[in-house]
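Below is one structure, written out as structure tokens; the observations come after it.
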């Protein structure tokens, strides 16, 4: 009996020890999970020079350019490009001082509406990388790329790819990745180097702590109060007592700090793209040259292709409008044989059309619009396809010919529901959809008009088919009454001939078979 009790006690101790070990492991795992940053990844595209980019992206050179705002003597430089900066122009400088430093400075008035349109175009383009894009912060596009890294690579690889494409669109962007949207936005404003992520909350807090307060978008009253306290960096705010911060600055500052660290919810509104593409590009100076004009058109075509790719759409018609001072705009409609979203091909077609356009005056603004969008799936490549990626399709070749020679010079043939052969076709646009009519036994090569056959030639024909009788056209005074045959000539040619059923019942040739 005593031996059984000892055995029971031993089993009980082993069981209790095992359960305690399991509970301890669960506690450690839970604590580790709480200390680990959420796996969501937000990529912030902060555009520090957006006010000047919306103008400079329309020109190929880097001549001095500045954007100003204000009235009268209070007009100041808001932003400037690299050419103006190298000449000594700085943001916040009075306009007179900027012109004294650089007499050839091109000045543009700030256009906040144009900046907002540019952000919306970038947001629509960003939908090609993620389904969650937000425009909740000024001069910034936020992309939630947590689920996109398996397809495009880690945050660094994806960020480098996005940075290259944004640069090709004509914008300057500072990128940063973080587990929270506000944290990513603040890191991008602070110019922090793009990293893959943060393993723990402590690493993330350390990165945020080094940010200067002057570079954040906090309220002016809060920044002024913190500066009076000698607080210069975000990490110093983390170390202050929360109750004291709440009493002095209100709840807003604590909420913003917690949202940046991921300790408070910060839902971001999802950007919904417009149903059609309509973008404009204001040129910083009037353009007279077609090549310089195409540079801006090409930028807009890249915007269009990004918009279409993000929504898996294509388009068959688009329109380029060139605005002139004191004149009606020049409209250049471009139609395609087949729906597409290939930027290289669209640029080639647009270049050919622009070179043929006679400009009545200088161009000050370019608008590109496409209202008729249609679903377009991506093309599946063959596993053993040896053709180069840049090879043109038949439709693209036709479109290039039409853009160079004119629409009237390159046309297709369409069938018409008509029994008389000379009226059974019409010229149409290449690729035009048309109903199918049965025309068996007829040649593809018709003569412009039937030619009479001499009697001695008609006598040598060998008829190879039964008669096809056509009696039609009484309503338009071009009525016919004919019996058509497929015939073999003495020389071996296969002809399409008919015998007139009216006197004098002559024979005629109307077409030839290949």
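The values are calculated or read from the model by the stated rules, or taken from the named source; none is laboratory data. Keep in mind that this is a model prediction, so the values were computed, not measured. Here the Cβ positions follow ideal geometry from the backbone for every residue, glycine too, while neighbour counts run over all protein chains shown.
Remarks
- Search result, residues across the stretch 219-240 that are closer than 21 Å to residue 192 by Cα and outside any helix (DSSP H, G or I): 231, 232, 233
- Filter pass, residue 235 being in the same structural domain as residue 188 (by TED's automatic domain parsing) and at pLDDT 90 or above: yes
- Any hit, the stretch 40-58, residues being without any contact (Cβ under 8 Å) to a residue 60 or more places away in the chain and surrounded by fewer than 16 Cβ atoms within 10 Å (Cβ to Cβ): no
- Note on the stretch 39-76: among residues that are more than 22 Å from residue 299 (Cα to Cα) and in a helix (DSSP H, G or I), the one that is modelled with the highest pLDDT is 74.
- Set 128, 147, 191, 104: member being assigned to a loop (DSSP other than H, G, I, E, B), at positive phi and at pLDDT below 95: 191
- Subset of the stretch 427-440 [surrounded by fewer than 14 Cβ atoms within 10 Å (Cβ to Cβ) and at pLDDT 75 or above]: 427
- Candidates 113, 79: the one that is within 20 Å of residue 138 (Cα to Cα), part of a helix (DSSP H, G or I), modelled with pLDDT of 90 or more and under 29 Å from the mean Cα position of the chain (by Cα) is 113.
- Identity of the residue in the stretch 335-357, touching a helix residue (DSSP H, G or I) at 6+ places or on another chain (Cβ under 6 Å) and touching a residue at least 60 places away in the same chain (Cβ under 8 Å), that ends up farthest from residue 373 (Cα to Cα): 355
- Restricting attention to the stretch 476-490 and to residues that are in contact (Cβ under 8 Å) with a residue 12 or more places away in the chain and surrounded by fewer than 12 Cβ atoms within 10 Å (Cβ to Cβ), the residue that is nearest to residue 462 (Cα to Cα) turns out to be 490.
- Just one of the numbered conditions (1) surrounded by fewer than 16 Cβ atoms within 10 Å (Cβ to Cβ); (2) touching a residue at least 12 places away in the same chain (Cβ under 8 Å); (3) under 30 Å from residue 66 (Cβ atoms) is not true of residue 115: (1).
- Of the candidates 96, 58, the single residue that is under 19 Å from the mean Cα position of the chain (by Cα), farther than 30 Å from residue 202 by Cβ and not assigned by TED's automatic domain parsing to the domain that holds residue 183 is 58.
- For residue 214, the conditions (1) farther than 24 Å from residue 56 by Cβ; (2) surrounded by 14 or more Cβ atoms within 10 Å (Cβ to Cβ) are fulfilled apart from (2).
- Screening the stretch 446-458 for residues that are without any contact (Cβ under 8 Å) to a residue 60 or more places away in the chain and closer than 16 Å to residue 504 by Cα and picking the one that is surrounded by the fewest Cβ atoms within 10 Å (Cβ to Cβ) gives 456.
- Filter pass, residue 478 being over 30 Å from residue 399 (Cβ atoms) and touching a helix residue (DSSP H, G or I) at 6+ places or on another chain (Cβ under 9 Å): yes
- Residues within the stretch 241-288 that are free of Cβ contacts under 8 Å to residues at least 60 places away in the same chain, surrounded by fewer than 14 Cβ atoms within 10 Å (Cβ to Cβ) and assigned to a loop (DSSP other than H, G, I, E, B), tallied: 6
- Of all residues in the stretch 194-215, those satisfying the criterion of being modelled with pLDDT of 85 or more and assigned to a loop (DSSP other than H, G, I, E, B) are 210, 211.
- Residue within the stretch 278-297 that is assigned by TED's automatic domain parsing to the domain that holds residue 347 and more than 30 Å from residue 108 (Cβ to Cβ) present: no
- Hey, residue 89 closer than 16 Å to residue 184 by Cβ and either outside the structural domain of residue 185 (by TED's automatic domain parsing) or modelled with pLDDT of 90 or more (or both) or not: no
- Screening 126, 104, 88 for residues that are more than 30 Å from residue 158 (Cβ to Cβ) and either without any contact (Cβ under 8 Å) to a residue 24 or more places away in the chain or crowded, with 16+ Cβ neighbours inside 10 Å (or both) leaves exactly one candidate, 88.
- Restricting the stretch 352-372 to residues that are closer than 21 Å to residue 339 by Cα and part of a strand (DSSP E or B), the residue that is farthest from the chain's Cα centre (by Cα) is 367.
- All told, residue 121 meets the bar of being buried (at least 18 other Cβ atoms within 10 Å of the Cβ) and in a helix (DSSP H, G or I).
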